[in-house]
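Heads up: the structure comes next, in structure tokens.
The values are calculated or read from the model by the stated rules, or taken from the named source; none is laboratory data. Please read all numbers here as calculations on a predicted model, not as lab measurements. Because the Cβ atoms are built from the backbone with ideal geometry, glycine has one as well, and the counts that use them run over all protein chains shown.
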Amino acid sequence: MASEESALNISWEERLAAARETYSRFVPDAEPERVLASMERRLGALGTFAFSAVGEMWSRPQLNRRDRSLMIISVLAAQSRDEELELHTTIGLQHGLTRTEIEELNLHIAAYAGFPAAMAASRRMDAAFCQAEGVARIEGREAAEHLGDEERLSRAADVRATLTAGSAAQDPQEDLEVLREHLGDLGDWAMKWAFGEIWSRPQLSRRDRSLVVIAILTALGQEAELAFHVPAGLNHGLTRAEIEEIMTHLCLYAGFPRAVDGMRAARQAFARVDE
């Protein structure tokens, strides 16, 4: 109880120290005190909170900084927040993400927020990559494999087995028919493209993909989809504390209403898992 009380009663100086540590990573070439002074001078109270609340949130131990960058880059891309996306792409590189991993996020943006958002995000990410690598243009990207439906279905079945902890039909064609029955032709696209191609790629782990998709769905207010993807995230190795931390962090990046709805959806999904 004492440790819980102390965690809820930290001083301004302690919060400021956590924010300084965060911003020393966000802007490594500038002194955190100068960053705070500049933000308050330009933005007033908004600048104070952008430094202190954002800085404190990123210092929380429930998720590491790499995980937080994964989800925030994805959410900013889904929301088409161009300027912030370019900044956080750079921060993601500083937090240990590779360019390949960040680019992989755009496939989930395409699937869960649409191709226009993914194409726009790719352009903003490229600006950050070029700056980081000191080049005028990024060259030599690797295309996706050119897969036929037999291979797509085989890979989709493997993905669906882990997403559902083995409750999906083991036969790929049978599982496809289930999705078609519920979703028509959309089920065909979900099975073959979303699960068979995107989710099956090795560039990100399935845990990372679940973290990203849960964050995107929360930011977009898709509680019905969270009912499926929260248990899937547990199956892929996310903990309940980590999933709840996604919602907590997103109060600053998607707003409290979306974060509250996401927390409710997550806890309802946990309760169904426990039944």
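Observations on the model:
- In region 83-119, residue surrounded by the most Cβ atoms within 10 Å (Cβ to Cβ) [restricted to those that are assigned to a helix (DSSP H, G or I) and among the polar types (S, T, N, Q)]: Thr89
- Residue in region 8-55 that is modelled with the highest pLDDT, counting only those that are farther than 25 Å from Phe256 by Cα and among the hydroxyl-bearing types (Ser, Thr, Tyr): Ser38
- Positions within region 15-62 being under 23 Å from Met247 (Cβ atoms), touching a Lys or Arg at 6+ places or on another chain (Cβ under 8 Å) and small (Gly, Ala, Ser), in sequence order: Ser52, Gly55
- Hits in region 157-172 - residues which are touching a helix residue (DSSP H, G or I) at 6+ places or on another chain (Cβ under 7 Å) and part of a helix (DSSP H, G or I): Ala157, Val159, Arg160, Thr162, Leu163, Pro172
- For the residues Ser122, Ser154, Ser80, the requirement of being part of a loop (DSSP other than H, G, I, E, B) and of a type in the set (S, T, N, Q) singles out Ser80.
- Just one residue in the set Ser210, Ser205 is crowded, with 21+ Cβ neighbours inside 10 Å, under 24 Å from Asn106 (Cα atoms) and either free of Cβ contacts under 8 Å to residues at least 60 places away in the same chain or not small (Gly, Ala, Ser) (or both); that residue is Ser210.
Conditions (1) at pLDDT 95 or above; (2) out of contact with any Phe, Trp or Tyr (no Cβ under 9 Å at 6 or more places or on another chain); (3) within 20 Å of Ala110 (Cα to Cα), marked per residue:
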| residue | (1), (2), (3) |
| --- | --- |
| Leu163 | yes, no, yes |
| Ala169 | no, yes, no |
| Leu183 | yes, no, yes |
| Trp189 | yes, yes, yes |
| Trp193 | yes, yes, yes |
| Trp199 | yes, yes, yes |
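- Condition check for Val54: crowded, with 20+ Cβ neighbours inside 10 Å and part of a helix (DSSP H, G or I): no
- Residue within region 166-184 that is within 23 Å of Phe115 (Cα to Cα) and in contact (Cβ under 8 Å) with a residue 24 or more places away in the chain present: no
- Flag if Glu225 is of a type in the set (D, E, K, R) and surrounded by 16 or more Cβ atoms within 10 Å (Cβ to Cβ): yes
- Looking across region 132-148, the residues that are loosely packed, with under 13 Cβ neighbours inside 10 Å and more than 23 Å from the chain's Cα centre (by Cα) come down to Glu133, Gly134, Val135, Ala136, Arg137, Glu139, Gly140, Glu145, His146, Gly148.
- In region 228-263, the residues that are over 18 Å from Leu76 (Cβ atoms), aliphatic (A, V, I, L, M) and crowded, with 16+ Cβ neighbours inside 10 Å: Val230, Ala232, Leu234, Leu238, Ile243, Met263
- When region 36-50 is filtered for residues that are farther than 18 Å from Glu86 by Cα and either surrounded by 13 or more Cβ atoms within 10 Å (Cβ to Cβ) or of a type in the set (Val, Ile, Thr) (or both), the ones remaining, listed by number, are Leu36, Ala37, Ser38, Met39, Glu40, Leu43, Gly47, Thr48, Phe49.
- Any helices (runs of 4 or more DSSP H) falling wholly within region 188-275 and containing at least 2 residues that are under 13 Å from the mean Cα position of the chain (by Cα) and among the β-branched types (Val, Ile, Thr): 206-219, 240-250
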